[in-house]
Amino acid sequence: MEKYAHDIIIVGAGLAGLRAAIAAAEVGNKLDIAVISKLHPLRSHSVCAQGGTAAVMREKDSYDLHAFDTIKGADYLADQDVVEFFVRRAPREIILTEHLGLPWSRTSDGKLDQRPFGGHTYPRACFAADMTGFHEMHTLYGKATSYNNIKFYDEWFATSIIVENNTAVGLTAIELKTGEMHAFQTKALVMATGGHERIYEFTTFSYTTTGDGMAMAYRAGAPLMDMEFVQFHPTGLIPSGALITEGARGEGGYLINAKGERFMKNYAPEKMELAPRDVVSRAEQTEINEGRGLEGPHGPYIALDLRHLGEERINERLPLIREVAIKLGGVDPAKEPIPIRPAAHYSMGGIKANIKTETPIAGLYAAGECSCLSLHGANRLGTNSTAECLVFGAVAGEEVAKHALSNSLKELSKEKLLAEEKRVFDEILGSEGGERVPVIRDEMRHVMNEKVWIFRRGDQLESALKEIRALKERFKHIKVQDKGGPFNTGLVDALQLDFMLELAEVTIVSALQRTEFRGAHSRVDYPKRDDINWLKHTLAYYTKEGPRLEYIPVTITKWQPAARTY
């Protein structure tokens, strides 16, 4: 097994990963930094972010207002020290990206424009039409490639983190071009690999966003936090699940049921379509469940109506949405409503990390959606995610650089490297069972869609857990048809499914134990929020028998939990 050595390794080249690389390079121009990605960085899922990036940029807005909106949106499960730090750092990132050349949309007097978003009391979503993530990614990638001390490993699939004495010392990765596994030695490691919503059937997620970093950190001994909290975005395009940005409602779009009613007046009379995502998704699902959805060839749905905005405004503010709706949905939003329904969209949970992005494993940091600093608590507000990637990507880069400058490379255990090689090539690629990866994957996604969706019940969660554990057993008897080396997508699919099954199990176990109704975790058998027993974070630790759960308190600074109405 060939070995590489770098002072810092960043796994994932989306917004958080690229921002971490830039920040680390700024701390030390002599640091040797590697960025490993299973695809080209500009194909990372971050390019799919559309609507905007939240930051306090106007005199009428305030840090406290942004913090309170975030904490209330989180149903009071967010750690408030993290939120306060975040809202103060976010404007700095907007200004930095503007200086780097990001083409933010502007007002007629030349100022950065900001649009309203759900749960925010002030329009604070900076945006670049409806392609914010696309432009952020191109801007950061352009900057990252200008440093001589950042090396990109594109199309390398990381498979495991190597830990010695509770310290991250390296990882293993397969070069997809050759199919060979290599070892990477490092002083410090940043996981920035995104979320895991591909465990669901109907999702806004790219096919490649399968929670790899979460699963690797979990297996290496880092706890996963608050994995029961999965966000369902109200506007997934039917039938593909492609995201229709919340910015469409921020620009004034309406949600309509079969009766032609703007039904959000019954659920959030003040905020209407711009209530937080958990509120809107539950409202839509309730309309569908109670028979007020429109009927279509792919089942009942809700209509997103933009026609009243006019073709000129749609083309100016929502050009990508119009193109996506026409090409993937067969409708022109300037002329007819868009068919949508809630789709699995975001993981509030992830690798437990503190305000410095440090995990409980020394030398291992986590940023972006694969992490859980508990900025978002039980429900994330739109536009806070891209801002989080920039803010805490920068923090991760700064902190990992400091760690690397004060530590040395440590030897990798040959035993662990050989064990990982055996797991991947003998046990998975070499398996000659009768099970097929696509079949197990589709069954997993169907179970998650049917029994671990917006509304949850204990008996359904128990049933889902049995089914997922049965699928994990069946996975041991798969057969990857392609036994070759170069670009073996069958092997990649199997490795990703292995990670996803692990994360599906953690999600269900965490959800089953939380017997309350909070944020995106909607337990119909426990219909009230329970601050006495459940104002705490879930920690899931890996064991061979399944997740072992512990709990830690939520950090409250100055906003006490209160009733959450919109």
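The values are calculated or read from the model by the stated rules, or taken from the named source; none is laboratory data. What you see is a predicted model; the values in this text were computed from it and never measured. Every residue, glycine as well, gets a Cβ built from its backbone with ideal geometry; the counts of neighbours run over all protein chains shown. Protein only, heavy atoms only, side chains kept; ligands, DNA and RNA dropped before computing areas. Shrake-Rupley method; radii C 1.70, N 1.55, O 1.52, S 1.80 Å.
Tabulated data for the structure shown
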| item | result |
| --- | --- |
| Filter result (open to solvent by 40 Å² or more (accessible area, probe 1.4 Å) and part of a loop (DSSP other than H, G, I, E, B)) within the stretch 139-156 | Thr145, Ser146, Asn148, Glu155 |
| In the stretch 275-298, the residues that are open to solvent by less than 20 Å² (accessible area, probe 1.4 Å) and part of a loop (DSSP other than H, G, I, E, B) | Ala275, Pro276, Gly293 |
| The listed residue being within 16 Å of Ala16 (Cα to Cα), of a type in the set (Phe, Trp, Tyr) and open to solvent by less than 10 Å² (accessible area, probe 1.4 Å), out of Phe86, Phe127 | Phe86 |
| Condition broken by Thr107, with the remaining ones in (1) over 14 Å from Ser385 (Cα atoms); (2) buried (at least 17 other Cβ atoms within 10 Å of the Cβ); (3) among the β-branched types (Val, Ile, Thr) satisfied | (2) |
| Residue match in the stretch 181-203 (condition: of a type in the set (Phe, Trp, Tyr), within 22 Å of Gly382 (Cβ to Cβ) and out of contact with any Leu (no Cβ under 6 Å at 6 or more places or on another chain)) | yes |
| Candidate set: the stretch 184-205, residues that are in a loop (DSSP other than H, G, I, E, B) and within 11 Å of the chain's Cα centre (by Cα); chosen: the one surrounded by the most Cβ atoms within 10 Å (Cβ to Cβ) | Thr193 |
| Of the criteria (1) assigned to a helix (DSSP H, G or I); (2) closer than 30 Å to Glu164 by Cα; (3) open to solvent by 10 Å² or more (accessible area, probe 1.4 Å), which one Thr208 fails | (1) |
| Answer residue from the stretch 441-468, given it is open to solvent by less than 80 Å² (accessible area, probe 1.4 Å), free of Cβ contacts under 8 Å to residues at least 60 places away in the same chain and farther than 22 Å from Pro527 by Cβ and is farthest from the chain's Cα centre (by Cα) among those | Glu467 |
| Search result, residues across the stretch 371-394 that are part of a helix (DSSP H, G or I) and either crowded, with 24+ Cβ neighbours inside 10 Å or under 12 Å from the mean Cα position of the chain (by Cα) (or both) | Asn384, Ser385, Thr386, Ala387, Glu388, Cys389, Leu390, Val391, Phe392, Gly393 |
| Members of the stretch 157-183 found to be within 14 Å of Ile10 (Cβ to Cβ) and either among the aliphatic types (A, V, I, L, M) or surrounded by fewer than 22 Cβ atoms within 10 Å (Cβ to Cβ) (or both), listed by number | Ala158, Ile161, Ala168, Leu171, Ala173 |
| Residues (open to solvent by 10 Å² or more (accessible area, probe 1.4 Å) and assigned to a helix (DSSP H, G or I)) located in the stretch 52-83 | Tyr63, Asp64, Leu65, Phe68, Lys72, Asp81 |
| The listed residue being in contact with a Ser or Thr (Cβ under 9 Å, 6 or more places away or on another chain), assigned to a loop (DSSP other than H, G, I, E, B) and either among the small types (Gly, Ala, Ser) or open to solvent by less than 10 Å² (accessible area, probe 1.4 Å) (or both), out of Ala248, Ala258, Ala222 | Ala222 |
| Conditions (1) in a helix (DSSP H, G or I); (2) in contact with a strand residue (DSSP E or B) (Cβ under 7 Å, 6 or more places away or on another chain); (3) touching a residue at least 40 places away in the same chain (Cβ under 8 Å); number of the one not met by Pro234 | (1) |
| Total residues in the stretch 23-51, condition touching a Lys or Arg at 6+ places or on another chain (Cβ under 8 Å) and open to solvent by 10 Å² or more (accessible area, probe 1.4 Å) | 2 |
| The one condition in (1) out of contact with any Asp or Glu (no Cβ under 8 Å at 6 or more places or on another chain); (2) on the phi > 0 side of the Ramachandran plot that Glu435 fails to fulfil | (2) |
| Among (1) over 24 Å from Leu176 (Cβ atoms); (2) within 25 Å of the chain's Cα centre (by Cα); (3) not β-branched (Val, Ile, Thr) - the single one Asp525 does not satisfy | (2) |
| Meets criteria (modelled with pLDDT of 95 or more and either farther than 19 Å from Thr121 by Cα or out of contact with any strand residue (DSSP E or B) (no Cβ under 7 Å at 6 or more places or on another chain) (or both)) for Glu290 | yes |
| Number of the condition not met by Val324 [criteria: (1) among the β-branched types (Val, Ile, Thr); (2) out of contact with any Ser or Thr (no Cβ under 8 Å at 6 or more places or on another chain); (3) within 25 Å of Val554 (Cα to Cα)] | (3) |
| Test result for Tyr207, in contact with a helix residue (DSSP H, G or I) (Cβ under 6 Å, 6 or more places away or on another chain) and hydroxyl-bearing (Ser, Thr, Tyr) | no |
